[in-house]
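S.K.: Shown below is the structure under consideration.
Where a number appears in this text, it was derived from the coordinates with a stated rule and is not lab data. This one's a predicted model, so the numbers in the text were calculated from it and none came from an experiment. Note that each Cβ is placed from the backbone with ideal geometry, even for glycine, and that neighbours are counted across all protein chains shown.
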Amino acid sequence: MHQLPAQLLKKYLRKEDISPQEFSQLSGLPETEVQGIMEGDLPITSLRAHHLAAAFDTDVELWLREEKKRMKSKRKRKR
């Protein structure tokens, strides 16, 4: 089962016990982007995926795969 990028980000923030604001400083992503990802309003671009992967010691592809699944799910809901 896949997780949407927003759910995955929230999971990692809980696991690391850091706030979105702390994560913003740690990752180099603006706080507005972190909030946008968490709300499901912003897509995971290649650059964002690199920031997320570096911050959480994960694979860039993990974040890009989840974004691809999110977009696929979003298209299905529009039909």
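S.K.: Based on the alpha-carbon set only, what is the convex hull volume of the stretch 1-44 divided per residue, in Å³?
M.R.: 66 Å³
S.K.: Another question about this same structure. How high is the relative contact order of the stretch 1-70, in percent, with contacts defined as C-alpha pairs under 8 Å that are six or more residues apart?
M.R.: This gives 37 percent for the stretch 1-70.
S.K.: How big is the Kirkwood radius of the stretch 36-79, worked out from every pair of different alpha carbons and given in Å to one decimal?
M.R.: 10.9 Å
S.K.: Equivalent ellipsoid semi-axes for the chain, as square roots of 5 times the alpha carbon gyration tensor eigenvalues: give them largest first, rounded to whole Å.
M.R.: Calculated on Cα positions only, the semi-axes equal 21, 13, 11 Å.
S.K.: What spacing in nm lies between the two simple spin-label points modelled at ILE18 and MET71, each 7 Å away from Cα in the Cβ direction?
M.R.: If labels sit at ILE18 and MET71, their model points lie 2.7 nm apart.
S.K.: How far is helix 46-56 tilted off the main Cα axis of the chain, in degrees rounded to 10, range 0 to 90?
M.R.: Value to nearest ten degrees: 50.
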